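Novice: Below is the structure I would like to discuss, written out as structure tokens.
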Amino acid sequence: MRETEVAEPDRARIRAGDRAAFGELYDRYARAVHNHALRLTGNWAEAEEAMSETFLAAWRTRETVEPEGGSLKPWLLGIATHKAYNANRGLRRRLAFLARSPEPRPVEDFAEETAGRIDDARRLAVVHRALGRLGRQDREVLALCVSAGLDYRQAAEALGVPVGTVRSRLSRARARLARLSGEEQGRTGTEPPGVHGEMESEAALAALFLREETR
């Protein structure tokens, strides 16, 4: 689901501790923060807790917000990334969530483009398992850049790393996802990815999150 139609809160008001401005911040980004935490934890309750802790931490650290700048979404998702992993989620629960995820509904443009590359639900299941085998940094950068739709600069802001680091991590994560997807396909007897494995794996990953989970 898209972010609610609420204007971007004024940074000066956020820094000053204006509660109305924080209300606007919550209204605009609560769903995005919750969905991001849900992708990283795989658990509704812990995603809810991570979302609450994210906004509490945002309130406590409001004076760190730069007076000038664009969207505050990267700042919030950066906090949410740390809060989600502080929950110390286990791999089994993450994979259990992915297995329960509903099949993504078609989305204009993207769904038609990927339909020819992703044969059926087995490809998605393969990427489910491959995603669970990725390391933390790989999952983080894929969640931010592929799922949350942040650009390199915004993802760098969220993670507190240089833009070049985001580029290298994303490149590495894409390659690993393609390789692990190929291994999973080999285990299940599905057609190997071949030279287009990276493209197919990333398309499948994005398809997993085209419809953000809502309660």
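Novice: Out of E46, E68, which single residue is within 30 Å of G132 (Cα to Cα) and either of a type in the set (D, E, K, R) or crowded, with 22+ Cβ neighbours inside 10 Å (or both)?
Specialist: On inspection, the qualifying residue turns out to be E46.
Novice: Anything in region 44-69 that is of a type in the set (A, V, I, L, M) and modelled with pLDDT under 90? List them, or say none.
Specialist: Of everything in region 44-69, those that are of a type in the set (A, V, I, L, M) and modelled with pLDDT under 90 turn out to be A45, A47.
Novice: List pairs: first in region 167-195 and over 24 Å from R136 (Cα atoms) and open to solvent by 50 Å² or more (accessible area, probe 1.4 Å), second modelled with pLDDT of 75 or more and of a type outside the set (D, E, K, R), Cβ under 8 Å, 6+ apart or cross-chain?
Specialist: P192/G182
Novice: Can I ask one more? Inside region 8-58, can you point out the residues that are within 27 Å of E68 (Cβ to Cβ), assigned to a helix (DSSP H, G or I), in contact with a helix residue (DSSP H, G or I) (Cβ under 8 Å, 6 or more places away or on another chain) and touching a residue at least 60 places away in the same chain (Cβ under 8 Å)?
Specialist: Correct list: A32, H36.
The values are calculated or read from the model by the stated rules, or taken from the named source; none is laboratory data. All of these numbers come straight from a predicted model, not from anything done at the bench. Glycine gets a Cβ as well: all are built from the backbone with ideal geometry, and neighbour counts include every protein chain shown. These accessible areas exclude ligands, DNA and RNA; they are computed on the full protein's heavy atoms, side chains included. Shrake-Rupley method; radii C 1.70, N 1.55, O 1.52, S 1.80 Å.
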